[in-house]
Amino acid sequence: MVASPSDDAWSVVDMIDQSPPVDCSKPYDTSTLAGKTILITGGASGFGAAFARHWARHGAHLIIGDVNDRAGEALVAELRSSSSPDQVILYQHCDVTSWSDQLALFKTAASSSKTKSIDAVVAGAGIVERGDPTTPSATSTVFDLPHALDSDSTTSPPPPPPLRVLAVNLTGVMYTTHLALYYLPLRAGGDRHLLLISSVAGLMPLVGQTEYTVSKHGVMGLFRALRGSAWTRGIRVNALTPYFVDTPLLPKPALALLAGAAKADLEDVVDAATRLMADWGIRGRALAVGPKMRVVDDEGDGSRVRMVEGEGRHDGERRQAVWEVYGHDYERVEVFVWRYLAVLNVMRRVRGWVGLVTDMLGLCFGKRA
Ligand SMILES: NC(=O)c1ccc[n+]([C@@H]2O[C@H](COP(=O)([O-])OP(=O)(O)OC[C@H]3O[C@@H](n4cnc5c(N)ncnc54)[C@H](O)[C@@H]3O)[C@@H](O)[C@H]2O)c1
């Protein structure tokens, strides 16, 4: 049984406080970034490092966790040299597959912040499967090729797959999310934001990267489930699903395959992440970042808009790289999900009164709600 999107009474989107699709052609205000305490996992390189550079310029406090200590420390030294002395900018070793490492990172972030709390979390750490599938003797970790893990594969079955990609990209993100759901509500008022980094591989299969595809689909599942519940604790959950971007993540063979093909630009990923981070009004949305496309408005009134590849430009055309994902929105859900969310909604209303009393008691007795 499916809830009808035409019937307002069935509007799950309203019920879960999801904001309307994002119009990425509109400007956004970055002044809200100043003073935010933002924790980034995997922040020593690529997207995370680019976010940190951009957000530090806008006055954010940054706590960066990564396994690449040399890159993380160099980044922090660079950011400190160009930031205000009031800004907290820290690096701490953190392997996201280790619960104790992540807990220690969150504790450092909360204790170093002036409000003793965290405003935003970016679950950015990620790896891909490596190994050359064309070389039988390679110590490949590509999931689909068990024979590559064991040179004696004709006579014995393979050992268990390492599943390292799942450990970093999914278990690591689940740990980050679990801690974010605990720490973000410690912030009394203000914005509370969790930004999940999925991929185009979270929307479609990336053949030859099965484990990576599974992990990024998993992150999208996490996003879709959480946006139905995290609002009850005042947390905005959003996601990014970028196309290929030239960062150290991509193995050389993948870059060779992409040679000549359009890639997405790092600056557009930063733009999309900054929009989601800065605009408190965006809740429960995912943005795709791809190569810049020409946007052709056939009727001139937005009623028939096409995306066209290529560099050529005509008067009145604009180019855009960031798009709302839409897919799997809550526009149509089956009746169990609708009823379940209705219960959550009632709880939120009740929490309005209960929460007020709890917060007052918390203020009196020094305990945060
Ligand atoms: N580059 C792309 O084309 C692309 C596209 C879509 C999504 N993504 C995703 O964006 C995220 C960032 O990737 P990137 O392109 O910036 O790559 P990157 O390799 O530059 O950055 C990833 C960071 O994660 C860190 N990391 C790896 N394992 C870790 C662990 N166990 N604990 C903590 N940190 C760890 C790395 O040291 C590195 O600093 C990843 O989740 C990736 O899957 C990347």
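The values are calculated or read from the model by the stated rules, or taken from the named source; none is laboratory data. Bear in mind the structure is a predicted one, so any value in this text is a computation, not a measurement. Quick reminder, even Gly has a Cβ in these numbers, built from the backbone with ideal geometry, and neighbours come from all protein chains shown. Keep in mind that these areas ignore ligands, DNA and RNA; they rest on the heavy atoms of the full protein, side chains included. Shrake-Rupley method; radii C 1.70, N 1.55, O 1.52, S 1.80 Å.
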Rounded to whole Å², per residue accessible area for region 79-120 with a 1.4 Å probe reads 46 Å²
FRET efficiency for Asp144 and Lys114, using Cβ-Cβ distance with R0 set to 56 Å, rounded to 0.05
0.70
For region 16-332, the accessible surface attributable to carbon and sulfur atoms (probe 1.4 angstrom, ligands and nucleic acids excluded) amounts in percent to 57 percent
Take peptides 189-200, 26-37, 86-97 and line them up by average Cβ neighbours within 10 Å, highest first, as a rough protection proxy.
189-200, 86-97, 26-37
Could you derive backbone 3J(HN,Hα) for region 202-218 from the dihedral phi with the Karplus parameters 6.51, -1.76 and 1.60 (θ = phi - 60°), listing whole Hz in sequence and x where the residue is Gly or Pro?
x, 10, 8, x, 10, 4, x, 10, 4, 5, 5, 4, 4, 5, 6, 5, x
Stretchable slack from Ala225 to Met347, in nm (0.36 nm times residue separation minus alpha-carbon distance):
42.2 nm
Pairs of Cα atoms under 8 Å, at least six residues apart: use those to get the relative contact order of region 214-281, whole percent.
28 percent
Assuming R0 = 45 Å, what is the FRET efficiency of Leu186 and Lys263, from their Cβ-Cβ distance, to the nearest 0.05?
0.70
At R0 = 45 Å, FRET efficiency that the Cβ-Cβ distance of Arg164 and Asp301 yields, to 0.05:
0.30
Provide the net charge surrounding Arg304, with neighbours chosen by a C-beta distance below 9 Å and charges set as Lys +1, Arg +1, Asp -1, Glu -1.
-3
For region 16-332, calculate the relative contact order in percent as a whole number, restricting contacts to Cα pairs under 8 Å that are 6 or more residues apart.
18 percent
State the three equivalent ellipsoid semi-axes of region 16-332, derived from the C-alpha gyration tensor as the square roots of 5 times its eigenvalues, in descending order and whole Å.
31, 27, 19
Can you list the residues, at least 5 places off or on another chain, whose amide H is less than 5 Å from the amide H of Ala286, using H built in the peptide plane?
Ala239, Val325, Tyr326
Return the distance in nm (one decimal) between the two label points of a simple spin-label model at Glu78 and Arg319, each offset 7 Å from Cα along Cα→Cβ.
2.4 nm
Mind giving me the nanometre distance, one decimal, between the label points for Tyr326 and Lys107, set 7 Å out from Cα along Cα→Cβ?
4.7 nm
Relative contact order for region 28-131 using alpha-carbon pairs under 8 Å, separation at least 6, rounded to a whole percent?
34 percent
Can you list the trypsin sites (Lys or Arg not before Pro) in region 68-129 that are in a DSSP coil and have 14 or fewer other beta carbons within 10 angstrom?
Lys114, Lys116
Say the cut-off is 32 Å between C-alpha atoms; which of Lys36/Lys216; Lys36/Lys292; Lys107/Lys216; Lys114/Lys216; Lys114/Lys292; Lys116/Lys252 go over it?
Lys114/Lys216; Lys114/Lys292; Lys116/Lys252
Residues of region 256-298: accessible area per residue at 1.4 Å, in Å²?
37 Å²
